[in-house]
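No value in this document is a laboratory result; all are computed from the given coordinates. Just so it is clear, the structure is predicted and the values come from calculations on it, not from any experiment. Glycine also receives a Cβ, built like all others from the backbone with ideal geometry; neighbour counts cover every protein chain displayed.
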Amino acid sequence: MTSGATIRPVRNTYQSAMGKQAIGTVAINQYSRFDGLLYTMVYPHKPMVKTRTLDIVNFDNIPAGQNACIAVMAYSGYDIEDAVILNKASIDRGFGRCMVLKKQQTSVRRYQNGTMDRTCAAPDPSVFPDGVNDKRFARFKAVDKDGLCNVGELLENGTVIVNKESAADLQVFGHVIPFERAVIRRQGPDIVERERAISDKGHDTPGPPPRAGGQVRVAPRTEGGVRLDSSPGGPPVQRHGHLARPHHESPRLKLARFPSRMTVGKLIELLVGKAGVFEGRQAYASAFGEEFGSTDTVESAELALIRNGLNYTGKDVFYSGVNGAPLDAYIFSGPVFYQKLKHMVLDKMHARSRGPRAVLTRQPTEGRSRDGGLRLGEMERDCLIAYGASNLIMERLMHSSDAFSASVCQSCGLLQYKNWCQYCRSGEKVAEIRLPYACKLLFQELQAMNVLPRLRLKDA
Amino acid sequence: MPQQRFPKIEIKHIAPHEITFVLSETDTSMANTLRRIMIAEVPTLAIDLVEYHENSSVLNDEYIAHRLGLIPIRYSPDGTLKGGDCHQAFVPHRECVCYDRCPRCSVEFDLDVNFDKVNMSRPEQERDLPLTVTSRDLIANNVQVSPAHFLNEEEQDNAHDEGISIVKLGQGQHLRLKAIARMGISKEHAKWCPVAVATYRFWPEITINQEACNNLTMEQKQELVDACPDRILELDEITGNLKPTEGAEELATFTEDLKYAQDAMKRRPEDDDYVQVTHSTDRFLFSVESSGAMDAEDILLSSLRVLKDRLNYLAAEVEKLKD
């Protein structure tokens, strides 16, 4: 897949893993499919430099990336390490534009007691205090008579996609059971791409219950924090910086890390690709070029560049877009095939101050999807211990997490309830302490296993 | 004002869609200002809002809206065919006094293409083939405004489609929408950029040291002539002296080949150069190509106007500060 031999074979391995994460054309039937999550690129290119493997897999017909003209240089300091600076006008014109299709669905099933889920039209506005203007009614604006959202509807945060009702009690038989509303809601402003009707089959046949739902379309714009990757065993992380320079100030694209990665393949791709641009054809750069075949070599690319009046090293004169003066150095520039990876900061960024807690441990929940906290793990704790920041440890591990007030009897050392020791039958030596709820839980679980932990209290 | 200079513009070549000119007697900063304004601050029209009534095409709404936005929109003042400056004719929509939009700050385009309806009237050999919706299908409510379908006749002759293709329709597909064009500048979005290319380069100054050249043999002179890939030198047939070729200034790309060749000929490295090609500091060769939204000439004039307006604004603000 990677063009040209790379000095470090690991880069080929990295790319083999990463090429699968690239946003591009998934399949020819991608818009008829009903994938759970589908990323597609709006204007994919066929690569300027191709290889035999790409020919075999017909990559030109279902490409997954775009050719970007890059300038290998330092510019403005926002392009340190793997960051790149993109031309804002390129983004405006559709560079890296992609589309995300997300499936939202719910099951419509039949239950043991003979009741069945149903989807129904939006409730009558008169149910709500403010009628048509009520915010709670506005949530149903996307829903059609069949209880499913219309195609092309704009979904805001909290808009109902499927208005489903199911029986309030699924154990009771034979009665007229009131139905409760169980709606599927959507976060964020998206647009309905397709709706999925309920199929009638499957109610009585085994297998998953029929489902209702819609596919939602989001069209995010390329912005800071999108992960890009150049394929020829190139730098694995091309995190483009949080800056898009305006067109009139951009020399072009980026700086890349060549020396430490030793990705000669990328240099060759650039050179061969540039020659291809001027010769009006796709360059061919299989890693182990057939001696008698059509593979482009550095030498043939250099000759092509000279033929077209360019410098054979692939360098050009560039002007500073900011002040209009020519840059002091010649800049190595040309096309490189870039893949946009499906890791986007917008989908990943997360922070919380207060939020939900797990029921059992009373500690903050885990994970972004549950608005969870960020764990201060063992190693972080070790750092704080080594530093001697005991109050910070107290704060992080108890007060900001699962602090709990408990009563402890000083004579028997057992946890008790509200200033009364049921074991000693006295309320005299019961003290109030603060401890993590998880600790109290552990003691109780041990007690359940016939292990009796006792607390010995000392005056602090 | 001390050392005031009077920049000059000398037009080398002009066509509706492109212009090359020489800007002289000014600095790099001025040349770059002009370039930046042409790219980023000349106002044009572009489709900014799209209302969909029906879209059963294969492309989704945003996709088509993006494509519509990038179509150059041309404003031709009454009685002309050229792409003119829309600055006087429209108000930027954020500054307009109207509530939502009005003819003063926007132009509406209607597009209604129904494959099944159009299919019947197509020629026999094309019938049932996918139908391309192009910029020709955009009907404006203002006679002075229309999409720029092609840059010039040559482009039109080479094109496969009637205009700028938007989407292809198949059987049973229907696209009906209303597109609202507004005036803007490309600082906000590249769709308002009137130029495809706006670049300049420094005027080359070719100086030939005849005194030093007299020490060269004819073979060596010929070698210098051959060394330059831009072919900026030739031998005078009568005197046998080196001289710049006609139009050398446009050809020169400041290659270093000539330098290496003459360095090899010098007896001592510190000897004078035989031929020197240097950047002129006050002469610039501009090349501007239009996107189709405006004629190249008007882009230049409009950019000068923008610059003047900005300077006047600055002067007024400075006056205010003084008080």
- Query: Hey, rough spin-label estimate for B:D272 and B:Q210, points 7 angstrom out along Cα→Cβ, what's it come to in nanometres?
  - Reply: 1.2 nm
- Task: Please check which bits of the range B:188-202 a label hung off B:R5 would reach, taking the label as a point 7 Å along Cα-to-C-beta and the cut-off as backbone N under 14 Å.
- Result: B:202
- Approximate spin-label separation B:R101-A:S320, in nm, with each point projected 7 Å along Cα-to-Cβ: 4.1 nm
- Quickly estimate the mean residue ellipticity at 222 nm for chain B, helices only: each DSSP H run with n ≥ 4 gives -39500 (n - 2.57), and the total goes over all residues, rounded to 500. -8000 deg cm²/dmol
- Using only alpha carbon pairs under 8 Å that are at least six residues apart, calculate the relative contact order of chain B and give it in whole percent. 29 percent
- What is the calculated FRET efficiency for A:A121 to A:C439, with r their C-beta to C-beta distance and R₀ = 45 Å, to the nearest 0.05? 0.30
- Message: Using Cβ contacts closer than 10 Å as the measure, can you line up A:F278, B:F115 from fewest to most?
- Response: A:F278, B:F115
- How do A:S76, A:S90 rank when sorted from fewest to most other Cβ atoms within 10 Å of their own Cβ? A:S76, A:S90
- What's the center-to-center distance, using Cα atoms, between the range B:52-118 and the range B:278-306 in Å? 26 Å
- Work out the P(r) tail for chain B: percent of alpha carbon pairs separated by more than 33 Å, whole number. 47 percent
- For the B:H160, B:N241 Cβ pair and Förster radius 41 Å, calculated FRET efficiency rounded to 0.05 is 0.15
- Could you grab the Rg to Rh ratio for the range A:368-449? Cα atoms only, Kirkwood for Rh. 1.09
- Query: What pairs from A:K103/B:K117; A:K145/B:K168; A:K50/A:K340; A:K266/B:K191; A:K102/B:K191; A:K102/A:K145 go past 25 Å between their alpha carbons?
  - Reply: A:K103/B:K117; A:K145/B:K168; A:K266/B:K191; A:K102/B:K191
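Compute the FRET efficiency between B:A264 and A:A74 as 1/(1 + (r/R0)^6), taking r as their Cβ-Cβ distance and R0 = 41 Å, and round to the nearest 0.05. Intermediate results must be reported in sequence, preceding the final value.
Numbers: r = 34 Å, r/R0 = 0.82.
So the FRET efficiency works out to roughly 0.75.
Using the alpha carbon gyration tensor of the range B:238-323, what are the three equivalent-ellipsoid semi-axes (square root of 5 times each eigenvalue), largest first, in whole Å?
The equivalent ellipsoid of the range B:238-323 has semi-axes of 45, 21, 11 Å.
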- Query: For the range B:9-29, list residues with backbone N below 16 Å from a point placed 7 Å from the Cα of B:T253 toward its Cβ?
  - Reply: none
- Message: Taking the beta-carbon count within 10 Å as an exposure proxy, list A:W420, B:W192, B:W203 from fewest neighbours to most.
- Response: A:W420, B:W203, B:W192
